[in-house]
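Working notes, beginning with the structure itself.
The values are calculated or read from the model by the stated rules, or taken from the named source; none is laboratory data. In this text, all values refer to a predicted model and were calculated from it rather than measured experimentally. Here Cβ is always computed from backbone atoms with ideal geometry, including for glycine, and neighbour counts include all displayed protein chains. Just so you know, the surface numbers come from the protein's heavy atoms only, side chains and all, with ligands and any DNA or RNA stripped out. Shrake-Rupley method; radii C 1.70, N 1.55, O 1.52, S 1.80 Å.
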Amino acid sequence: MKKILLTISQKFNFFDIANWTLFIVVLVLYVGWGLRLPLSQAPDEALRDCIPLWIYKHGKLPLGFEADLGWNGGNFNYSYRPYLLSIFSAILLKVFSSFLQDESLVFFIIRLPNILVGSLSVIFAYKVGQLFFKRKSASLFYAILISFLPQFVFLSSYHNNDNFTVFCALIILYAWGLGMRNNWDLKSLIVLSFGIGILALSYYNAYGWIICSIFFVFYSVKKQSNSDGKWVFRFTKIFFLVFMFSCFICAWWFIRSFINNRGDILKLSMYVPKKEGSSIFSLVKNINWWTTSIFSYICGLGYMNIWAKKGIYYVYMMYICIGALFSLIKFFKSDEDYRMIYFLLVLLIFITIFLSLCFSVSVYQPQGRYLIPSLPALMFIVVEGYYYLYTIFKIKVSFNRISAYLSAFWVILFFIIFFSVIKPYVWGKVILSFCFGRNPKTEQLQSVNLLLQNVKKYESFNVAVWSRNDGQDDLKWYGFSNDNYCDILSSSRSINEIMLKYGHTDIFPYVDYNVLEIPQNNFMEDGIYDIHVYGIRHNKQERIAMTELLVSQYSSIISLSEDSSYIQFDFKNMHEYDELQIAVWSEDGGQDDLHWFYTSVKEKEAGSYDIPLDSYSTNGLYLIDVYGKKGENNYFLNRHTLNINFHDNVED
């Protein structure tokens, strides 16, 4: 045993062992969250999961126009974009299909490639640090900053393309270091080509890494070559080889997309620019766009509806800004190599921001995950800044200890968010939500539909309902069996058919879900009702969820103006609420064009509100959800649908 330990200690130093330990820790963390994260809390995962499931069932790649891939059969779906990880997910489904008796494991297998690339990012981050940083402790510090950023942890727990861009970017950054050290030998060229090739099959908002790689190779080849002018030929040769190797990896997808989409490789026709008031310049001045993007870059969970306390975002921002500031100071006092690398990394960050702004011009979605490809660049700058801060103050304590303190503080910040936000809301907790079933003509209440998630382990449910008006004098019990499941892999139904089963887009294709329908005769009077749900397992009953429900006999009617410039929203008997919150989006867009509108209804027996349509241009079915706000609580009230055709009103 001593010989084994001695051999390990001779081959690996402390920081190498620490890095592999970090890899195991984050792998366990990402796997744990991947097993526990409800599908409803993973942005657009339901749509992305259509692709590997479709490939599994049909044994071929989709073309994109298949109806069971799009949102409600519409023209928006993710198979028009590169989906390399989805292909790997489909392969894993094929390999493990005979073992997947539990449907929830199907979705974990789909998530597994993201979990793995997120974990492997730790290894490549450490390797990048070894090539660029002067201390191995700085390399470990760099890996910790990336792997424990809450948003990156979140992205590494479900099926998406965002954390894959970070993995690809780290491979490219690693190739930069190899090229500088080894004078762009064959190994460094292959690594760079591989990184660029797979990055091209990730997300378009990560393509800044390709642009910056061209500049970096140009600079490094020129510097490494003699002044006889042969560097131009050598750069051209390297450029051609990297281009050919990269195309070998990714060109098939772009050629296929060009043919299938009749030249529209990027499928830009899916995105229709806003009609007016939309420009990059207007978004640059939009404080809300920047705030939402930055906060969700750090931690914006679920459909960006689960946030940490505002103060912790300021702590993260201060931590990052201190490192970035001293890295900027170092820029003016360092050698040419550092200034070039710093310039390219800053350029990469600005390119990523610019691409996110461009996307928001068409579809206003300020999301931090669209900026996540810049994470390796940003954390590189932060690490360099803190190391420079250490050197200029000539602190007597070693940087190994300083980096350990800084890393520990970063991990503590993550676990503060974990215990205050992640575990209570998105770590497999039983989630209870509801919607009203109403008569479409009279708007009268017909039923209350309870949606339970993460309840597969229970055999049945008991639900207690009573009004607060009479204590528990009117308490009623309802019993339900827990049999609302289907075999996703063998079912002939598409995932969208499951999604649409209950006709409510807040109900995504949950594998672990059940819908309980409480009849309206339990809610005859207006007022607040308490609902407690008990799960039964092995003849034992436990309370798993509870909520309160505000019932009122309100009504709302919508109509479209003659010129389709606004929706007239008429309401009555909603005066008990402080305000109405109205969400409007097109069915084809899959909530990409969702906007919120607000109007005060307090003490108003009836009224009208005009919902402007300036921000919409997609023709087709629109959905309008109405929520009432009372105090700090929001209550879902109603859903309307409306067909809008803007082109009918365009003057010749």
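What relative contact order, as a whole-number percentage, does the range 132-247 give when Cα pairs under 8 Å and 6 or more residues apart are counted?
The value is 24 percent.
At a Förster distance of 25 Å, what's the computed FRET efficiency of Phe243 paired with Lys223, Cβ-Cβ distance as r, to 0.05?
Given R0 = 25 Å and the Cβ-Cβ separation, E is 0.70.
In whole percent, and with a 1.4 Å probe on the protein chains, what portion of the accessible area of the range 163-213 is carbon and sulfur?
73
Given the pairs Lys476/Lys572; Lys285/Lys330; Lys333/Lys394, which are separated by over 28 angstrom at their Cα positions?
Where the Cα-Cα span goes over 28 Å, the pairs concerned are Lys476/Lys572; Lys285/Lys330.
Per residue of the range 455-463, in order, report the coupling 6.51 cos²θ - 1.76 cosθ + 1.60 (Karplus, θ = phi - 60°) as ³J(HN,Hα) in whole Hz, putting x for Gly and Pro.
10, 5, 6, 8, 7, 7, 9, 10, 10
Please identify every one of the trypsin sites (Lys or Arg not before Pro) in the range 297-350 that sits in a loop by DSSP and has no more than 14 other beta carbons within 10 Å of its own beta carbon.
Qualifying residues, ordered by number: Lys309, Lys333.
Between Asp588 and residues 5 or more places away or on another chain, which pairs have amide H atoms under 5 Å apart, with H built 1.01 Å from N, and which residues are they?
Those qualifying (amide H under 5 Å, at least 5 residues apart or on another chain) are Leu621.
Would you mind calculating the relative contact order of the range 111-151 from Cα pairs under 8 angstrom and at least 6 residues apart, reporting the percent as a whole number?
Reported as a whole number, the value is 40 percent.
Could you list the trypsin sites (Lys or Arg not before Pro) in the range 201-248 that lie in coil according to DSSP, counting only those with at most 11 other Cβ atoms within 10 Å of their Cβ?
Loop-located and lightly packed - Lys230.
How would you rank 78-89, 161-172, 613-624, highest first, on the average number of other Cβ atoms within 10 Å across their residues?
The densest-packed peptide leads the list: 161-172, 78-89, 613-624.
Whole-Hz ³J(HN,Hα) for each residue in the range 120-137, computed from phi via Karplus 6.51 cos²θ - 1.76 cosθ + 1.60 with θ = phi - 60°, x for glycine and proline: what do you get?
5, 4, 4, 5, 6, 4, 5, 5, 4, x, 5, 7, 10, 8, 7, 10, 5, 5
Starting at the first residue of the range 229-237, write each ³J(HN,Hα) from the Karplus equation 6.51 cos²θ - 1.76 cosθ + 1.60 with θ = phi - 60°, in whole Hz, x for Gly and Pro.
Calculated HN-Hα couplings, in order: x, 6, 5, 5, 5, 5, 4, 4, 5 Hz.
Out of the chymotrypsin sites (Phe, Trp or Tyr not before Pro) in the range 315-370, which ones are loop residues according to DSSP with at most 15 other C-beta atoms within 10 Å?
Phe332
Accessible area per residue of the range 111-206 at 1.4 Å probe, in Å²?
I get 21 Å² per residue for the range 111-206.
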